[in-house]
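Before any comments, here is the structure.
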Amino acid sequence: MKKLLQFITLILLFSTISTGLLARTLYNSSYKISKLIVSHAEDRFAADDIVGYWMHEENVVKIKIERIGNKYYGKMVWLEKPNFADGTPKKDIHNPDPALRDTPFIGLRIVKDLEYKGNGTWGGGTLYDPEHGKTYGCKITLVSENEADVRGYIGFAFIGKSVRFNRVAF
């Protein structure tokens, strides 16, 4: 009987120790996992990572994004079809402001007032569509250092359209 009690005591002691080890192992593992999750949630982009030249996924327009003060702006620097059918350079003829309707497309600032929001996202600005003279809300998200989703929207970002731009040399 004494041997049985010693055996049970040994089993209980072992299970207490092993449970403690198990608990410590689980704690350490969960700590490592949570640290890994937090490190992936950290911002892997810097605010100026958006600066540069970007080509529309269908190669119809190239824009230059630049920083002015604490905001980011984009202007058209190249068009696949820079002229109207009659051969004259495209101008902002649909602009709601008649005084701006002679502005050429090349050099026209179409992205305005974007601010870096963190995690590879810029927002709070506008996107101008010169083909229709309309201005939309704008959000740009870097998918990678060389790919960006540009979203134009009305009111809420989930009510809009996104297009892909790829980083290019001038």
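Points to keep in mind about this one:
- Just one of the numbered conditions (1) over 20 Å from residue 115 (Cα atoms); (2) surrounded by fewer than 14 Cβ atoms within 10 Å (Cβ to Cβ); (3) modelled with pLDDT of 95 or more is not true of residue 84: (3).
- Residue in region 97-106 that is without any contact (Cβ under 8 Å) to a residue 24 or more places away in the chain, assigned by TED's automatic domain parsing to the domain that holds residue 58 and surrounded by 16 or more Cβ atoms within 10 Å (Cβ to Cβ) present: yes
- Selection count, region 48-90, where residues are more than 14 Å from residue 168 (Cα to Cα) and touching a helix residue (DSSP H, G or I) at 6+ places or on another chain (Cβ under 8 Å): 2
- Filter pass, residue 26 being farther than 20 Å from residue 140 by Cβ, at pLDDT below 50 and either assigned to a strand (DSSP E or B) or more than 39 Å from the chain's Cα centre (by Cα) (or both): no
- Test for residue 93: is it assigned to a loop (DSSP other than H, G, I, E, B), among the β-branched types (Val, Ile, Thr) and farther than 23 Å from residue 169 by Cα: yes
- Picking from residues in region 35-81 that are closer than 20 Å to residue 149 by Cβ and part of a helix (DSSP H, G or I), the one that is modelled with the lowest pLDDT is 40.
The values are calculated or read from the model by the stated rules, or taken from the named source; none is laboratory data. No experiment lies behind these values; they were computed from the predicted model shown. Every residue, glycine as well, gets a Cβ built from its backbone with ideal geometry; the counts of neighbours run over all protein chains shown.
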